[in-house]
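A.B. asks: Supplied in structure tokens, the structure appears directly below.
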Amino acid sequence: MEETVLVLHCKASDFDAATGQCASPFYGPAPMLLPPIDVTEGLLISCSIASMWGIGFMIRQARRVTGG
């Protein structure tokens, strides 16, 4: 079972800047930097990164061999 982390939020319209208080705070799920992905999407992304790194490495090696 997946647990949800809740954090305290405040709407901008409920925040009083003069006092630094929220008129109506509420708990909601924690914001995520990136959306969750499944295993196949993760493998696709990691293979793409590894392929680009490999291409760059081969170009570097070719330049080193040809003296360019």
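Here, each number is a calculation from the coordinates, and none is a lab measurement. Source: prediction; values computed, not measured. Glycine also receives a Cβ, built like all others from the backbone with ideal geometry; neighbour counts cover every protein chain displayed.
A.B. asks: In debye, nearest 20, what is the charge dipole magnitude of the stretch 9-68 about its Cα centre with +1 on Lys and Arg Cβ and -1 on Asp and Glu Cβ, if you could check?
C.D. replies: Dipole size: approximately 600 debye.
A.B. asks: Moving on to the next point. Report, in degrees rounded to the nearest 10, the 0 to 90 angle that the Cα long axis of helix 39-66 makes with the longest principal axis of the chain.
C.D. replies: Helix 39-66 and the main axis of the chain meet at about 40 degrees.
A.B. asks: Would you pull out the residues with amide H under 5 Å of His9's amide H, same chain only if 5 or more places away, H placed 1.01 Å from N?
C.D. replies: Correct list: Phe26, Tyr27, Gly28.
A.B. asks: Can I ask one more? Give the value in nm², to one decimal: projected area of the alpha carbon convex hull of the stretch 1-66, averaged over all directions.
C.D. replies: 9.3
A.B. asks: For the chain, with the dipole built from +1 on Lys and Arg beta-carbon atoms and -1 on Asp and Glu ones, taken about the Cα centre, which of Leu44, Tyr27, Gly67 lies farthest toward the positive end?
C.D. replies: Toward the positive end, the furthest listed residue is Gly67.
A.B. asks: Going by Cβ distance under 4.7 Å, what cysteines of the chain have no possible disulfide partner?
C.D. replies: Cys47
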